[in-house]
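Notes to accompany the following structure.
Readers should treat all values here as calculations from the given coordinates under stated rules, not as data from a laboratory. Values in this document were obtained by computation on a predicted structure and should not be read as measured data. FYI the Cβ positions are ideal-geometry reconstructions off the backbone, even for glycines, and counts take in every protein chain you see.
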Amino acid sequence: MDRPPVTSVGADRLKEELNVLKTVTRPQIVEAIATAREHGDLKENAEYHAAREQQSFAEGRIQELESVLSTAQIIDITTLGVEGRVVFGATVELEDLDTEETVTYQIVGDVEADIKRNLIAVSSPIARALIGKEEGDVATVKAPKGIREYEIVDIKYI
């Protein structure tokens, strides 16, 4: 069986999301469905159909989170003892050698990746190029817009 890696912080976030879905969102949707049913004819009741759609989405997400959490390999980066190298869970500060812009990413599991929060999936091209490198190394990334080169400025294990 495939055990997707998840950081310990990411697992906590997923557990919190699951808890909110079960204890807050699910009861709200059930209440919305009950209220919409009171309005009569269900065939043409937009509120009812919207609430049922929300219920379907929430139940699907609950199942997905339960599945991920039951099979995930939770990795605590602070216990790995891999100082100096980029590994799963590491937070890496990079400098784009073309533009001299710096960016910081944390390499996380696919299920917890969120580019808006600078969490990149371990399976992404940039993460694959960074794994195993050390501070000061240059990583070459084959991106959709062409080849990019990044210098590793700093590595942290949070």
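Worth a mention:
- Against the list (1) part of a helix (DSSP H, G or I); (2) crowded, with 16+ Cβ neighbours inside 10 Å, the condition Glu53 fails is (2).
- Of all the listed residues (Glu83, Glu93, Glu135, Glu149), the sole one being of a type in the set (D, E, K, R), surrounded by 14 or more Cβ atoms within 10 Å (Cβ to Cβ) and touching a residue at least 60 places away in the same chain (Cβ under 8 Å) is Glu93.
- The test for being surrounded by 13 or more Cβ atoms within 10 Å (Cβ to Cβ) and more than 23 Å from Pro144 (Cα to Cα) holds for Leu65.
- Taking the stretch 123-157 as the range and being out of contact with any helix residue (DSSP H, G or I) (no Cβ under 7 Å at 6 or more places or on another chain) and part of a loop (DSSP other than H, G, I, E, B) as the test, the residues that pass are Ser124, Ile131, Gly132, Lys133, Glu135, Gly136, Asp137, Pro144, Lys145.
- Residues satisfying the stated conditions in the stretch 96-117, i.e. without any contact (Cβ under 8 Å) to a residue 60 or more places away in the chain, more than 18 Å from Arg148 (Cα to Cα) and in a loop (DSSP other than H, G, I, E, B): Ala113
- Yes/no for Thr35 being of a type in the set (Ser, Thr, Tyr) and within 28 Å of the chain's Cα centre (by Cα): no
- Count of the stretch 59-95 residues which are among the charged types (D, E, K, R), closer than 30 Å to Thr23 by Cβ and in a loop (DSSP other than H, G, I, E, B): 1
- Checking Val20, Val30 one by one, the residue that is surrounded by fewer than 14 Cβ atoms within 10 Å (Cβ to Cβ), part of a helix (DSSP H, G or I) and more than 21 Å from the chain's Cα centre (by Cα) is Val30 and no other.
- Restricting the first member to the stretch 40-66 and to residues that are more than 12 Å from Arg26 (Cα to Cα), and the second to residues that are hydroxyl-bearing (Ser, Thr, Tyr) and surrounded by 14 or more Cβ atoms within 10 Å (Cβ to Cβ), the beta-carbon pairs closer than 8 Å and six or more apart or on different chains are Leu42/Tyr48.
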